[in-house]
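Below is one structure, written out as structure tokens; comments come after it.
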Amino acid sequence: MQGTAGSVLEQADVLTPGELDNLPVGMIQLDRTGKVLKFNQTESDLARVAAADAVGKSFFDEVAPCTKVQSFYGKFVEGVEKRQLQTVFDYVFRFRDGREKNVVISMFYSVTTETVWVCVERP
């Protein structure tokens, strides 16, 4: 992974909540079942979803159901099963309010916390 996403993902486990919120990219931490553990302010602002409405919920079923497709969810599941994930891909978020956003998704499996970090960058 290159650029902002790569360096951020490598340090994500040790960033404070304030540091996560101040990042210029959306950051979401998911447990091995896809439950949202952290949802930073940047992602909250861009997705128009309050962190309080995302944390504790299933990312793929409740927060961003448009991501429950092979090209996104499939990579997540495979990475969790292998306990190894480091991928970057283009994606189009389709929001409930009809908006669409082209983004670059970086996903990284943290062996330290056994979680998946999702970085959302707007090109």
Would it be correct to say that GLU43 is in contact with a strand residue (DSSP E or B) (Cβ under 7 Å, 6 or more places away or on another chain), within 17 Å of MET27 (Cα to Cα), at pLDDT 95 or above and among the charged types (D, E, K, R)?
-> yes
Name the residues in region 32-52 that are out of contact with any helix residue (DSSP H, G or I) (no Cβ under 9 Å at 6 or more places or on another chain) and touching a residue at least 40 places away in the same chain (Cβ under 8 Å), would you?
-> LEU37, LEU46, ARG48
Does region 20-43 include one or more residues that are small (Gly, Ala, Ser) and in contact with a Gly (Cβ under 9 Å, 6 or more places away or on another chain)?
-> no
Members of region 102-113 found to be assigned to a strand (DSSP E or B) and either surrounded by 13 or more Cβ atoms within 10 Å (Cβ to Cβ) or within 13 Å of the chain's Cα centre (by Cα) (or both), listed by number = VAL103, VAL104, ILE105, SER106, MET107, PHE108, TYR109, SER110
May I ask you to say which residue of VAL111, VAL36, VAL49, VAL103 is in contact with a Phe, Trp or Tyr (Cβ under 9 Å, 6 or more places away or on another chain) and over 23 Å from PRO123 (Cβ atoms)?
-> VAL36
When the residues of region 12-52 are filtered to those that are among the basic types (Lys, Arg) and over 12 Å from the mean Cα position of the chain (by Cα), which remaining residue is surrounded by the most Cβ atoms within 10 Å (Cβ to Cβ)?
-> ARG32
When you scan region 25-40, how many residues do you find that are more than 16 Å from GLU114 (Cα to Cα) and either of a type in the set (Val, Ile, Thr) or modelled with pLDDT under 95 (or both)?
-> 1
Starting from region 108-123, take each residue that is polar (S, T, N, Q) and list its partners that are not in a strand (DSSP E or B), counting only C-beta distances under 6 angstrom and pairs at least six apart or across chains.
-> SER110/ASP13; THR112/ASP13; THR113/ASP13; THR115/ASP31
Exactly one of PHE95, PHE59 is aromatic (Phe, Trp, Tyr) and modelled with pLDDT under 95, and that one is PHE95
Kindly check whether there is at least one residue in region 53-70 that is among the aromatic types (Phe, Trp, Tyr), touching a helix residue (DSSP H, G or I) at 6+ places or on another chain (Cβ under 9 Å) and surrounded by fewer than 18 Cβ atoms within 10 Å (Cβ to Cβ).
-> no
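The values are calculated or read from the model by the stated rules, or taken from the named source; none is laboratory data. All values derive from a computational prediction rather than experimental measurement. Reconstructed Cβ throughout: ideal geometry from the backbone, glycine too, with neighbour counts over all protein chains shown.
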